[in-house]
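**Student:** Sharing a structure below in structure tokens format, with a few things to ask.
No lab work stands behind these numbers, since they all come straight from the coordinates. The model shown is predicted, which means the values in this text are computed figures rather than measured ones. Counting neighbours? That spans all protein chains shown, and the Cβs are built from the backbone with ideal geometry, glycine included.
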Amino acid sequence: MSVEIPPEVEETDEWLFNKIADKVKATFNVPISDEQIRTAIHLPLSESDIMLMYYHQDEYCVKCGNCCRVAAPISCEKEHFRKIAKSLNLSYKKLKKRVGARTVNGVVKMLGAPCHFLEGKNHCSIYELRPLVCIMYPMGKSILTVVQSNRIFLVKDCPAQISLIENVMETKILVELMKEAGVKIPSVYSEEEIKYIQSLDTVGRMRYFGQQMKNMKRRLRVRS
């Protein structure tokens, strides 16, 4: 499945509306108008939206392997690359040569596509040690664009992202319906947490949200 992304923002918004409208409407037991969905698409994305999408990305992943074929170069920190080499019983230099990697400012960039670690039926041979960029896909690029412009970055060739966006739009519409009904919406973060999050760089935010989701999963397991 390949996602064609129109060049203009307005066209992208309409393309996105056409993709998600019917599914979003079917989620609610009250009528949802086209205007409500278009409004949700234009609402700024928050950190909690990103947490929601990050939390669900593995759930909606169809294991198509497209990310391993198109998201080149794949990068990781030098120390992480050493761990990968050790797990494969290879020296750092030998693995670097094998995957055609080069180091730029302490970051190892593995050139070429598909990924050298992609095997068989979309199997990752280093899955437990896959780089952060792989763990975060497709949300890594979205986090960058959200921080910069509060826009969703539509990742080409990722079937899971439409489901992720549907999830966020449904949540935004639900929140607006609750507000209209006079229901008070509690803040996700305290003022201290917000200040701390704002002080982090992009990678720091990614790690913070990742830890938040791990904690949430742990609490859910305890409650169940």
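**Student:** Here are some pairs, Lys19/Lys179; Lys96/Lys121; Lys83/Lys172; which of them have Cα atoms lying more than 31 Å apart in this structure?
**Tutor:** Lys83/Lys172
**Student:** As I understand it, the dipole of the range 72-135 uses +1 on the Cβ of Lys and Arg and -1 on the Cβ of Asp and Glu, about the Cα centre. Which of Leu88, Cys115, Cys134 lies farthest toward its positive end?
**Tutor:** Leu88
**Student:** For the range 72-135, list log₁₀ I(q)/I(0) at each q in 0.13, 0.15, 0.28 Å⁻¹, using the Debye formula over Cα point scatterers of equal strength and ignoring solvent, two decimals each.
**Tutor:** -0.29, -0.40, -1.53
**Student:** Per 0.36 nm of contour for each residue apart, how much would the distance between Glu193 and Lys121 grow if the chain were fully extended, relative to their Cα-Cα spacing?
**Tutor:** Details: separation 72, 0.36 × 72 = 25.92 nm, distance 4.24 nm.
Contour length minus Cα-Cα distance gives 21.7 nm.
**Student:** Sticking with this one: Would you kindly derive the ³J(HN,Hα) couplings of the range 76-89 from the backbone phi angles with the Karplus curve 6.51 cos²θ - 1.76 cosθ + 1.60 (θ = phi - 60°), listing them in order in whole Hz, with x for Gly and Pro?
**Tutor:** For the range 76-89, the Karplus curve yields 7, 5, 4, 5, 5, 4, 5, 5, 4, 4, 4, 5, 9, 6 Hz.
**Student:** Subtracting the Cα-Cα distance from 0.36 nm times the residue separation, let me have the gained length for Ala181 to Asp58 in nm, one decimal. The partial results should precede the final answer.
**Tutor:** On the way: separation 123, 0.36 × 123 = 44.28 nm, distance 3.33 nm.
Gain on extension, Ala181 to Asp58, equals 40.9 nm.
**Student:** State the extension gain, in nm to one decimal, for the chain segment bounded by Asp157 and Ser91, taking 0.36 nm per residue of separation less the distance between their alpha-carbons. Can you show the working numbers first?
**Tutor:** Numbers: separation 66, 0.36 × 66 = 23.76 nm, distance 3.38 nm.
20.4 nm is the gain from fully extending Asp157 to Ser91.
**Student:** Using a simple charge model, +1 on the beta-carbon of Lys and Arg, -1 on the beta-carbon of Asp and Glu, nothing else, what dipole does the range 72-135 show about its Cα centre, in debye to the nearest 20?
**Tutor:** So the magnitude is around 320 debye.
**Student:** Now for a separate question. Between Asp22 and Lys78, what is the FRET efficiency for a Förster distance of 41 Å, r being their Cβ-Cβ separation, to the nearest 0.05?
**Tutor:** With a Förster radius of 41 Å, E is 0.30.
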